[in-house]
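Every read-out reported here was derived from the displayed coordinates using simple, explicitly stated rules and does not represent laboratory data. Keep in mind it's a predicted model, so treat the numbers as computed, not measured. Using ideal geometry, Cβ is built from the backbone for each residue, glycine included, and neighbour counts are taken over all protein chains shown.
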Amino acid sequence: DAKTTQPPSMDCAEGRAANLPCNHSTISGNEYVYWYRQIHSQGPQYIIHGLKNNETNEMASLIITEDRKSSTLILPHATLRDTAVYYCIVSPFVDNYGQNFVFGPGTRLSVLP
Amino acid sequence: NAGVTQTPKFQVLKTGQSMTLQCAQDMNHEYMSWYRQDPGMGLRLIHYSVGAGITDQGEVPNGYNVSRSTTEDFPLRLLSAAPSQTSVYFCASNLGVNTEAFFGQGTRLTVV
């Protein structure tokens, strides 16, 4: 069963902020929200992850609602190279060593010139 | 630092043949996993390992075997290839819980 819901596709103008939503209404207390992207069928690339606080790194910002039922990935100044499929993943612990990722179909972001 | 290396990049098999997809990482990661991706879909977990000598099944394990004799290597074996196993296979590793996963560039397998 999919644990996240994302729009199948979005467009964004080059240079503008891209805001990608994700619904994870059944998330439980120990589950993190991860974002990955996949460009041209390459291996997925890690973007960012968080538990309940907003997070920012050199690639993006992650905004998680207070009830943790949804989140938004923000690419502040989208470029053509950001065109990709973006996956929002809710990931529980497997054990102390790692966790499994369930990839849904994601959102296909097209950055337009 | 090579990261996660998968070989081969492309492979064509005949139905019934067996083969091994190789995956190696040089980051000393305990956790490794194999996924497959069918056209237009997300990735699905086949098998994973939490350390040398320890493996477990993921969502779609049938038709595949794995072993983990060293920390660095996590090969995926197709026992008797079927057309339904035509897919792109990705290997991943990560350091531990709540850390980013690093993915290889994939192996594109076609079974005819």
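Side notes on the structure shown:
- Modelled label positions at B:S84 and B:K9, each set 7 Å beyond Cα in the direction of Cβ, lie 3.1 nm from each other.
- The P(r) of the protein assembly as shown has a tail past 26 Å containing 37 percent of all C-alpha pairs.
- ³J(HN,Hα), Karplus 6.51/-1.76/1.60, whole Hz, each residue of region B:59-74, x for Gly, Pro: 6, 10, x, 5, x, 10, 10, 9, 8, 9, 8, 10, 5, 6, 10, 8
- Hull volume per residue, based on the alpha-carbon atoms of chain B and their convex hull, is 93 Å³.
- Lys, Arg +1 and Asp, Glu -1 on Cβ, resulting dipole of the protein assembly as shown about Cα centre, debye, nearest 20: 600
- For q = 0.17, 0.21, 0.22 Å⁻¹, Debye-computed log10 I/I(0) when each Cα of region A:6-94 counts as one equal scatterer: -0.69, -1.03, -1.12
- Build a GNM of chain B with springs between Cα atoms under 10 Å apart, and of B:V88, B:V12, B:V66 the one that fluctuates most is B:V12.
- About the centre of its Cα atoms, chain B shows a dipole size close to 460 debye [charges on the beta carbon of Lys, Arg (+1) and Asp, Glu (-1) only; nearest 20 debye].
- Derived scalar couplings ³J(HN,Hα) [region B:16-22; Karplus, 6.51 cos²θ - 1.76 cosθ + 1.60; whole Hz; x for Gly, Pro]: x, 6, 10, 6, 10, 8, 9
- Close amide H contacts of B:Y31 (hydrogens built in the peptide plane, cut-off under 5 Å, sequence separation of 5 or more or a different chain): B:N94.
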